[in-house]
1. As an exercise: evaluate Ile40 against (1) over 16 Å from Trp4 (Cα atoms); (2) touching a residue at least 24 places away in the same chain (Cβ under 8 Å); (3) among the hydrophobic types (A, V, I, L, M, F, W, C) and give the number of the one condition it does not meet.
2. Restricting to helices (runs of 4 or more DSSP H) lying wholly in the chain: which have 1 or more residues that are among the polar types (S, T, N, Q)?
3. Here are some residues: Gly55, Gly62. Which one is under 20 Å from Phe2 (Cα atoms), of a type in the set (Gly, Ala, Ser) and touching a Leu at 6+ places or on another chain (Cβ under 7 Å)?
4. Given Phe27, Phe50, Phe2, which one is modelled with pLDDT under 85 and either surrounded by 14 or more Cβ atoms within 10 Å (Cβ to Cβ) or among the polar types (S, T, N, Q) (or both)?
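The values are calculated or read from the model by the stated rules, or taken from the named source; none is laboratory data. A quick note: this is a predicted structure, and the numbers were derived from the prediction, not measured. Methodologically, a virtual Cβ is constructed for each residue, glycine included, from the backbone with ideal geometry; neighbour enumeration extends over all protein chains shown.
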Amino acid sequence: MFIWVFHRLSGLLLILLLGLKFFTSFFLMTKGQKPDWAIILHTNPLTDTFLIVLGVYHAFYGLRTVLIDLGLRKEKLLFWIFTGLGTATASSLLLIYFTRNY
């Protein structure tokens, strides 16, 4: 039940966060002066962190759902496998994101 609710809520949050990123990027592509609020929202590390974590877990739990739909019935084992994979992947991506030099 937890994964079902998380998958739906993370999908909605991903739509909102990606919409925010796209919206602010339109203001940052202008040749004139760029609004401060758009720069702050577009370069906010908290928004990027949520995008990375929600995107990774949403993808892995979606794969888990597909495997269950294909007939694999070990739901608890799949939960722990995909939670571990999601944690490792999200941690690696966040480490790369926060230690980049550009």
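1. Against the list (1) over 16 Å from Trp4 (Cα atoms); (2) touching a residue at least 24 places away in the same chain (Cβ under 8 Å); (3) among the hydrophobic types (A, V, I, L, M, F, W, C), Ile40 comes up short only on (2).
2. 2-28, 45-69, 75-98
3. Result: Gly55 is the single residue among Gly55, Gly62 that is under 20 Å from Phe2 (Cα atoms), of a type in the set (Gly, Ala, Ser) and touching a Leu at 6+ places or on another chain (Cβ under 7 Å).
4. Phe27
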